[in-house]
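Structure first, then comments.
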Amino acid sequence: MQLTLWTYEGPPHVGAMRVATAMTDVHYVLHAPQGDTYADLLFTMIERLPRRPPVTYTTFQARDLGGDTAELFKDAARQAMARFNPAAMLVGSSCTAELIQDDPGGLAQALQLSIPVVALELPSYQRKENWGASETFYQLCRHLVHKPATEKPVKARPTCNILGPSALGFRHRDDVKEITQLLNQLGVDVAVVAPLSASVTDVQKLAEADFNVVLYPEIGLAAAQWLQRQFDQPYTKTVPLGSHATRDFIAEVCTLTGLPQPAQDPSNAHAHWYAKSVDSTYLTGKRVYIFGDATHVVAAARIASQEMDFEVVGMGTYSREFAREVRDCAKRYGVEALITDDYLEVEDQIQTLQPELILGTQMERHIAKRQGIPCAVISAPVHVQDFPARYAPQMGFEGANVLFDTWVHPLMMGLEEHLIGMFREDFEFHAGAAPSHLGSTRPAAENVAPIVAAPLSTPRSAPVATTSPMPVAAPARTDTLTTDTVQKVAVPAQAASNQATWSPEAEKELGKIPFFVRGKARRNTERFAQDQGVATITVETLYDAKAHFSR
């Protein structure tokens, strides 16, 4: 038996809580012992919801196990019905209560409540949180959705449902807003968003829409497939994460509805141009490792490879239900997918691959911090800081803008460190230089060389003979930069430029270095070439010089 402290997903009853909490008038009666109420904190402390989840726990104790725990459940269901007056009720057991083998579904049916009661069979020891959310939403649809009228009313615009967003989802709130705006601009009305913010009445009307948009397959795909089988209602296959995928999503929606496809991107689509205009040193060839849920990992790999010009050196997921999709995706990038829910395996792989950027969950954020690697969170599980007060979607064109900012900004400091490492023997880029992003060019105090007042070689009043064989020493200056220092840098560099010539390939490679340090790189390389007796500076000479000054 392996004991683990961190897990990517909770038990499946937490997934059921995510669906119940997302909806407006559904209550969940959970047969659970005292202590399982910890899950409330996920919603109130991490997601910052202003209310407790709509969950009633039976909270039986050890002394109750010798009595009638079934009656405890029936009392809890009656009290929840009387107190909260929900439009539908979910009933089930937590992982611990599952062991005592009561039957919440049968017990609730015996109460003959006046509202729909959906019994959840969630095998806690075989399945996880996302599967629990998917199964709960699927069972709600099976029990609640009404068959649409044979004669559909004439609509001015096509309609769709958005399926999958839930409570405790990574940026679900903002993604729904962004994709709703995008669909409205295309000419499509959103009929129902479910389960997030949906009522029982909304779910009953799901079959009336023309098609479904599946934003998060981990939660919405099973319900969408059932709606297609039962009501011949198509659903979208593309998740609009990234600029390219958003264009594919628009094309898919236009194909389903017969609407014309826009000729160009909207004015807020900045990410594509930003990725092209930023200096290639920031992005090109950066080695990136990706881990998270299947939807975000597959999308992130495409964005990293096609839109950011990163190199995907490793990827994986904890979503075992979507392992096939992630493995197929990994093959396209020439890597082998890691399918695991053990964060220690993920940490071992990251340590082996040594990527320059990690795109992961909050678990990988901790791993990256330990290993000193830049990281951006792209997927649940998340921390409280991943529920920002501002608007920060991940999907659509605005979502692509947010992804660009989130992924690229951690690399800026990495580049600065690279430059400092490359020129650390230089007076301007030495190791003690103050961080430029702090707005100060003053060197750190501990790195400033002590100023020693040199004695004057001759009295001020003494005449200086112009024929003297030894130069007269000038009075010591209070600057850290001396004339000797400048001469040590400038004279050899000038001499090198007179002797070594640059090959066209080396000149082209030099042009990739940011303009504000390109001159410095040229001088250092020429100085290195002179020291090594190299007549023609090639690309290899350039990188040899870089390695030499980075030692």
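The values are calculated or read from the model by the stated rules, or taken from the named source; none is laboratory data. Small disclaimer: the values here were computed from a predicted structure and weren't measured. Because the Cβ atoms are built from the backbone with ideal geometry, glycine has one as well, and the counts that use them run over all protein chains shown. Accessible surface is based on the protein model in full, side chains and every heavy atom, while ligands, DNA and RNA are left aside. Shrake-Rupley method; radii C 1.70, N 1.55, O 1.52, S 1.80 Å.
Residues in the stretch 505-545 that are assigned to a loop (DSSP other than H, G, I, E, B) and out of contact with any strand residue (DSSP E or B) (no Cβ under 9 Å at 6 or more places or on another chain) were compared, and the one that is farthest from Ser277 (Cα to Cα) is Gly533.
Of the set (1) open to solvent by less than 40 Å² (accessible area, probe 1.4 Å); (2) out of contact with any Ser or Thr (no Cβ under 6 Å at 6 or more places or on another chain), all apply to Glu336 but (1).
Give the residue that is most open to solvent (accessible area, probe 1.4 Å), with candidates limited to residues of the stretch 231-245 that are within 15 Å of Leu163 (Cβ to Cβ) and not aromatic (Phe, Trp, Tyr). Checked the stretch 231-245; the qualifying residue most open to solvent (accessible area, probe 1.4 Å) is Lys237. If the condition is being in a strand (DSSP E or B) and either of a type in the set (A, V, I, L, M) or under 16 Å from Gly169 (Cβ atoms) (or both), then the stretch 205-231 contributes Val213, Val214.
To keep it simple, each residue is scored yes or no on (1) without any contact (Cβ under 8 Å) to a residue 40 or more places away in the chain; (2) closer than 30 Å to Glu9 by Cα; (3) surrounded by 15 or more Cβ atoms within 10 Å (Cβ to Cβ).
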site	(1), (2), (3)
Arg247	yes, no, yes
Ala251	yes, no, no
Thr255	yes, no, no
Ala263	yes, no, no
Ala269	no, no, yes
Ser277	yes, no, no
Gly285	yes, no, no
Val288	no, yes, yes
Thr295	no, yes, yes
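Of the residues making up the stretch 15-48, those that are outside any helix (DSSP H, G or I) and among the polar types (S, T, N, Q) are Thr24, Gln34.
Selection within the stretch 232-264: residues that are under 23 Å from Ala392 (Cα atoms) and in a helix (DSSP H, G or I). The member of this set that is farthest from the chain's Cα centre (by Cα) is Ile250. Selection over the stretch 391-418 of residues that are in a helix (DSSP H, G or I) and at pLDDT 65 or above gives a count of 16.
Going by what's in this entry, would Val192 be described as buried (at least 22 other Cβ atoms within 10 Å of the Cβ) and farther than 21 Å from Ile378 by Cα? Yes, satisfied.
Just one of the listed residues (Leu227, Leu206, Leu259) is open to solvent by 40 Å² or more (accessible area, probe 1.4 Å), among the hydrophobic types (A, V, I, L, M, F, W, C) and touching a Leu at 6+ places or on another chain (Cβ under 9 Å), and it is Leu259.
In the stretch 354-393, the qualifying residues are those that are open to solvent by 30 Å² or more (accessible area, probe 1.4 Å) and either of a type in the set (D, E, K, R) or closer than 22 Å to Phe322 by Cβ (or both), and the one that is farthest from the chain's Cα centre (by Cα) is Arg370.
Just checking, how many residues over the stretch 140-188 are assigned to a helix (DSSP H, G or I) and in contact (Cβ under 8 Å) with a residue 24 or more places away in the chain?
We begin by selecting, within the stretch 140-188, every residue assigned to a helix (DSSP H, G or I); these are 140-144, 172-186.
Filter once more, keeping what is in contact (Cβ under 8 Å) with a residue 24 or more places away in the chain: 140-144, 172, 174-179, 181-183, 185-186.
Number of matching residues: 17.
Regarding Asp64, is this residue surrounded by fewer than 21 Cβ atoms within 10 Å (Cβ to Cβ), at pLDDT 90 or above and of a type in the set (Asp, Glu)? Spelling it out, it is not the case that Asp64 is surrounded by fewer than 21 Cβ atoms within 10 Å (Cβ to Cβ), at pLDDT 90 or above and of a type in the set (Asp, Glu).
For the stretch 1-21, which positions are in contact with a strand residue (DSSP E or B) (Cβ under 8 Å, 6 or more places away or on another chain) and aliphatic (A, V, I, L, M)? Passing the criteria: Ala16, Met17, Val19, Ala20.
Just one of the listed residues (Asp309, Asp341) is in contact with a Ser or Thr (Cβ under 7 Å, 6 or more places away or on another chain), closer than 21 Å to Glu9 by Cβ and surrounded by fewer than 18 Cβ atoms within 10 Å (Cβ to Cβ), namely Asp341.
For the condition polar (S, T, N, Q), touching a Ser or Thr at 6+ places or on another chain (Cβ under 6 Å) and within 22 Å of Tyr28 (Cβ to Cβ), Ser199 qualifies.
With respect to Val145, is the statement that it is among the β-branched types (Val, Ile, Thr) and open to solvent by 10 Å² or more (accessible area, probe 1.4 Å) true? Yes; evaluated as a whole, the condition is true for this residue.
Within the stretch 512-538, how many residues turn out to be open to solvent by 40 Å² or more (accessible area, probe 1.4 Å) and modelled with pLDDT of 80 or more? Can you show your working first?
In the first step, residues of the stretch 512-538 are kept if they are open to solvent by 40 Å² or more (accessible area, probe 1.4 Å); the result is 512, 515-516, 518, 522-523, 527, 530-536, 538.
After this cut, where a residue has to be modelled with pLDDT of 80 or more as well, the list is 522-523, 527, 530-536, 538.
Within the stretch 512-538, residues that are open to solvent by 40 Å² or more (accessible area, probe 1.4 Å) and modelled with pLDDT of 80 or more number 11.
Of all the criteria given as (1) in contact with a Lys or Arg (Cβ under 6 Å, 6 or more places away or on another chain); (2) open to solvent by 10 Å² or more (accessible area, probe 1.4 Å); (3) within 30 Å of Asp265 (Cα to Cα), the one not satisfied by Ser166 is (2).
Can you name the residue in the stretch 137-177 that is hydrophobic (A, V, I, L, M, F, W, C) and over 20 Å from Ala224 (Cβ atoms) and is also modelled with the lowest pLDDT among such residues? By that ranking, first place goes to Val154.
Every condition in (1) at pLDDT below 95; (2) touching a helix residue (DSSP H, G or I) at 6+ places or on another chain (Cβ under 8 Å); (3) buried (at least 17 other Cβ atoms within 10 Å of the Cβ) holds for Gln351 except the one numbered (3).
What about Ile46, is it under 33 Å from the mean Cα position of the chain (by Cα) and either touching a residue at least 60 places away in the same chain (Cβ under 8 Å) or open to solvent by 40 Å² or more (accessible area, probe 1.4 Å) (or both)? Yes; evaluated as a whole, the condition is true for this residue. Note on the stretch 111-134: among residues that are of a type in the set (Gly, Ala, Ser) and at pLDDT 90 or above, the one that is surrounded by the most Cβ atoms within 10 Å (Cβ to Cβ) is Ala133.
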